[in-house]
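Q: Below are the structure tokens for one structure; questions will follow.
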Amino acid sequence: MKEIIENSKKVIKETSTLSRLELEKKKIEFDAKAKLFAETFGLAAQQNSYSGYY
């Protein structure tokens, strides 16, 4: 019985670590997409502001 409890604690600990890593990965992916979007949008806005001069 004690062994089952210990194994359960170990699984819970590993699961929570995995969850944190997954969340961190999602955050990094989201930040990268947001940065890419901002750069793309910023570039488009820049080109639009210059287009009046041609």
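Q: Would you check if Ser49 is modelled with pLDDT of 85 or more and in a helix (DSSP H, G or I)?
A: Judged against the criteria, Ser49 is not a match.
Q: Is it the case that Glu22 is modelled with pLDDT of 90 or more and of a type in the set (Asp, Glu)?
A: yes
Q: Looking only at region 1-29, which residues are acidic (Asp, Glu) and under 10 Å from the mean Cα position of the chain (by Cα)?
A: Within region 1-29, Glu22, Glu24, Glu29 qualify.
The values are calculated or read from the model by the stated rules, or taken from the named source; none is laboratory data. As the structure is a prediction and not an experimental result, all values here were calculated from the model.
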